[in-house]
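Input: a single structure, listed below in structure tokens.
Each value in this text was obtained by applying a stated rule to the coordinates, not by laboratory testing. Predicted, not measured: the structure shown is a model, and the values here were computed from it. Every residue, glycine as well, gets a Cβ built from its backbone with ideal geometry; the counts of neighbours run over all protein chains shown.
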There are 2 protein chains.
Amino acid sequence: LEMGNWRSGSAALLFWALFALRTVEPQNVSAPNIIIMIMDDMGWGDLGVFGQPSKETPNLDMMASQGMLFPDFYTANPLCSPSRAALLTGRLPIRNGFYTTNAHARNAYTPQEIVGGISKEEILLPEILKKRGYVSKIVGKWHLGHREQYLPLERGFDQWFGSPNCHFGPYNTSYRPNIPVYNNSEMIGRYYEEFEIDERTGESNLTQIYLQEGLDFIFQQTLARQPFFLYWAPDATHAPVYASKHFLGKSQRGRYGDAVMELDYSVGQILAWLVTLGIDKNTFVFFTSDNGAALMSGPKQSGSNGPFLCGKETTFEGGMREPAIAWWPGHIPAGTVSYQLGSVMDLFTTSLTLAGLAAPFDRVIDGLDLTPSLFNNSMTDRPIFYYRGNQMMAVRVGPYKAHYWTWSNSWEEFNKGINFCPGQEVTGVTTHTQQEHTMQPLIIHLGRDPGEKYPIRYGVLSKEYQTVLSRVTLIVEEHQKTLVPGQPQLNMCDLAVMNWAPPGCERLGKCLKPPQSQPWKCDWPH
Amino acid sequence: LEMGNWRSGSAALLFWALFALRTVEPQNVSAPNIIIMIMDDMGWGDLGVFGQPSKETPNLDMMASQGMLFPDFYTANPLCSPSRAALLTGRLPIRNGFYTTNAHARNAYTPQEIVGGISKEEILLPEILKKRGYVSKIVGKWHLGHREQYLPLERGFDQWFGSPNCHFGPYNTSYRPNIPVYNNSEMIGRYYEEFEIDERTGESNLTQIYLQEGLDFIFQQTLARQPFFLYWAPDATHAPVYASKHFLGKSQRGRYGDAVMELDYSVGQILAWLVTLGIDKNTFVFFTSDNGAALMSGPKQSGSNGPFLCGKETTFEGGMREPAIAWWPGHIPAGTVSYQLGSVMDLFTTSLTLAGLAAPFDRVIDGLDLTPSLFNNSMTDRPIFYYRGNQMMAVRVGPYKAHYWTWSNSWEEFNKGINFCPGQEVTGVTTHTQQEHTMQPLIIHLGRDPGEKYPIRYGVLSKEYQTVLSRVTLIVEEHQKTLVPGQPQLNMCDLAVMNWAPPGCERLGKCLKPPQSQPWKCDWPH
């Protein structure tokens, strides 16, 4: 695959597709293609169908009208790396090791200086899908470790176009390398160098590249008649947000909205491509995001969590409730809403079920098989656990959420202007110290009170409180009793492990010299 | 019309309708029927299509998918009476007299002890529609004055089924009469007496009665081949919220959600009835609410303003942005969104245009003719003024909102637990004293910042601030220069004017003896 490949006109591509497909027979419906689209820091409230006042996501809204909407869908952690690790392993970060024990209840992720990555002991979705002949590609952000042994092609993916870390930058090569962009197992350039992002204007054509990479892969696999798994993970809505020239200035919402519009357009292109290629009836598509909108980034660089409390980094609904749409014409009933409590981890289990594969038996899998919801809109009772680092902060059971710990962020950070709940303040809930409530959890009815503003009055006289508490307590006790935390992978940092000399750098003449190794325990302030 | 009329089975009604209509010819399309559905304290975020997570309004969502959605639609005042007066006169409350000068920037309305009502000098929509032969009915809450000279049948309505005031109660007849329910010009009972509302369970069949009254009227007018105006104003979502037995406990959102579900069902019934009667292509329907959700009533008695700031009583978006859907199959394009800044006052002007009538020339009309938006989705530049009592608090011009005054409520009330912005606090914006910013208005970009959390930095160096300010200043100066405030109607209160002995009370034996007249200047704390 050449770097310039994505530039090939889609008209030409379409011509070849339709020509080639005349001789292609339908694929095996018992192993449908799977496309998981995971957005970066996009909030629940960023979609028209979820109440964004600008109503600028016609393609996603149409996807919902042709598919199934999940208004009660969650991530497994309010930060990107653990969320993505949970999705691909079907397991809570506390189990798969994507957390830290350096401090209590702190979110950790995979910046360049992280030493760790996803453990070899974990089994990733594409590794299992391979058994049924799936070809898997990740397009966009990986975020499960950037050192060679952790990269996607080591973990079941057959192809990769994208980057191991966030597109922060631009950096000065002497103290911090720019993030590489990989094509499969070799870097082909770096952000702000070969892959431009104009910090001032917000212009970058990366989403277009990621779109084209997705379309190309779908096309190739359709021709090859091999079932595929496309993990489409663009990052345009993560600060610094970007959009390509055509979309800049188009939104009512400024640059962030421009990025959303381009992603919405891209989703529309992908779905249309499936229809054009005649594989829409054989392709399961799920759209979601990795965590809530990053409200600390302000209105020009972050999205909306709708009516929910706070955002990214927190275990309030704004941090963990995600936009979610399932689409599979002819299989998933059109225009439906499922109130099933869902999780990104369910995408692991559900994908395996769709592929006719079993989940691993030798470990706890937290993901639920959503196919009963998808095909019959039935409901399965299951809890949602809200973790922040090594601490279970809250649990949702039915409409009730019990906060065992509350924390927005520290006074120290808050006073510096870092605010995870801008404009929101709920006394006793959005606390700036880590508040323990394990003896008397704060219980919220999320139906009546989606904004988590009115904890139910407790005390022996509150029948509702007591009834819920006894139900929740059993579930939490069972969870904690059986929980075996995985080895934490996000404890150590080292400047020497940064992306100084990724594979392929020699060919490009872009190898940088790493400093001496000086590992330290990473500091996770949130 | 007998009290029991609404009980007549709809199956029988349908039979007669279809039988009768075989001989009825289509009505005159140049004078379409007009139905304005105005909800009470329902918030922007209470509809699925506007992002309510429970997604429990399938009929309203379908109405939107068959019609046009207005995400930028406003009331003229964040309180019921002035809002409704503005709708029916097409004029700001500051012009039509529905405000008070007893204190600065206080919302006033029409409780039982109010002496005033809508002035005879104002011209109401049904009064003009009569010229083209429209028959007008109000079903539900009037709220423009309960003394005899102010009642609907004195002001252009031909029929009325409903009440003059809010359904507060139950009261003890010795100090405060229960609110009467009128059928046309006579009371036929009182709330909590003949018209039950069970405060404990929230059960009441009032919405069913109001639905049936609406359906009956539509049917009768269709038979009579006379164009009609139905002003459908149920009040189930105003605290104390109520629903009928079938809907109680059905919602994920508790009693408030039950009330919304019943109203949603009723809207669906009305639209379906229009289709059944074959007059849907000849009937313009508009759905909206009178002000934002009454957040001070808590999660069991109030709704959602979605991502917007604060609620009822305030001039933040949560107080004044309203859900709004226009429906007219064959005339309004289906499934469209209009970004036109709209106002309840536009319903006055638009209705007149639809009926081929001119608005009064002898006075300022604030309502805009929305037909260019409705039929061609075109946009007209116009400001939105946010008034609180006698004070223009803010103005919206394009995406920008300039706050000239900010106030949530007083410290005194706030400290008593009355909170118009529960869980929300934006420094310098949700102020607890009336803050004047006329020299340097707080300017918000509502596209980037619908939650009004990030006033644009001002100062000579902020080009955006300066550009917007000069544009807004011209508009505000023009508005204030030409403004002639109407005689304030909501200044005086008197226990003697309460609903002691409404017309018709003799026949029912329900006349009560009023106390001595002792008028006082009403106290408006908000």
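How high is the relative contact order of segment A:391-482? Use alpha-carbon pairs under 8 Å, at least six apart in sequence, and give a whole percent.
27 percent
Net charge within 14 Å of B:MET187 by Cβ-Cβ distance, Lys/Arg positive one each and Asp/Glu negative one each, not counting B:MET187 itself?
After counting each charged neighbour, the total is -1.
Let me check I've understood the local charge: for B:PRO485, count other residues with C-beta under 15 angstrom from its C-beta, Lys and Arg +1, Asp and Glu -1. What total comes out?
Within the 15 Å Cβ shell, the charges total +3.
Along the three principal axes, how long is segment A:391-482 when you take its alpha carbons, biggest first, rounded to the nearest angstrom?
If we take the Cα atoms of segment A:391-482, the spans are 41, 31, 21 Å.
When the expected Rg is taken as 2.2 N^0.38 Å, what fraction or multiple of it is the alpha-carbon Rg of segment A:335-457?
1.29
With the crude spin-label approximation of a point 7 Å out along Cα→Cβ, what separation in nm comes out for A:HIS104 versus A:GLN480?
So the two model labels end up 1.3 nm from each other.
Answer with one residue from B:ASN33, B:GLY48, B:ILE123: the one whose Cα lies farthest towards the positive end of the charge dipole of segment B:19-148, charges on Cβ with Lys, Arg +1 and Asp, Glu -1.
Farthest towards the positive pole: B:ILE123.
Restricting to Cα pairs below 8 Å that are 6+ residues apart, what does the relative contact order work out to for chain A? Please round to a whole percent.
24 percent
What are the lysines whose alpha-carbon lies under 24 Å from the alpha-carbon of B:LYS481, with same-chain residues fewer than 8 places away excluded?
B:LYS401
In chain A, if every C-alpha pair distance is counted and binned at 10 Å from zero, what percent goes to each bin?
4, 19, 31, 28, 13, 4, 0, 0
Please list, in chain and number order, the residues 5+ apart from A:MET187 or on another chain whose amide H is under 5 Å from its amide H, with Hs placed from the backbone.
Those qualifying (amide H under 5 Å, at least 5 residues apart or on another chain) are A:GLY504, A:CYS505.
Stick to Cα atoms and the Kirkwood definition of Rh, then tell me Rg/Rh for the protein assembly as shown.
Rounded to two decimals, Rg/Rh equals 0.99.
List the residues whose amide H sits under 5 Å from the amide H of A:GLY306, counting only those 5 or more places along or on another chain, with H placed 1.01 Å from N in the peptide plane.
A:GLY45
Provide the convex hull volume over Cα atoms per residue for segment B:138-212, in Å³.
In segment B:138-212, the Cα hull volume divided by residue count equals 86 Å³.
State the antiparallel share, in %, of DSSP beta bridges confined to segment A:33-381, rounding to the nearest 5.
If we restrict to bridges inside segment A:33-381, about 30 percent are antiparallel.
Give me the lysines in straight-line cross-link reach of A:LYS55: C-alpha distance below 17 Å, same-chain residues under 8 apart excluded.
Here the lysines satisfying the reach criterion relative to A:LYS55 are A:LYS250, B:LYS55.
Checking the a/c ratio against 1.5 first, then a/b against b/c, what shape does the Cα gyration tensor give for segment B:132-265?
Taking the square roots of the gyration eigenvalues as a ≥ b ≥ c, segment B:132-265 is oblate.
For the protein assembly as shown, what is the percent of antiparallel DSSP beta bridges, rounded to the nearest 5?
Close to 55 percent.
May I ask you to give the average projected area over all directions of the convex hull of the Cα atoms of segment A:211-270, in nm² rounded to one decimal?
4.4 nm²
Between the alpha-carbon centers of segment B:152-208 and segment A:67-141, tell me the distance in whole angstrom.
A separation of 58 Å, based on Cα centres.
Would you be so kind as to identify all helices of chain A, as entire DSSP H runs, whose Cα atoms reach 20 Å or more along the helix's own axis and whose mean Kyte-Doolittle hydropathy is at least 0.0?
A:206-224, A:255-276
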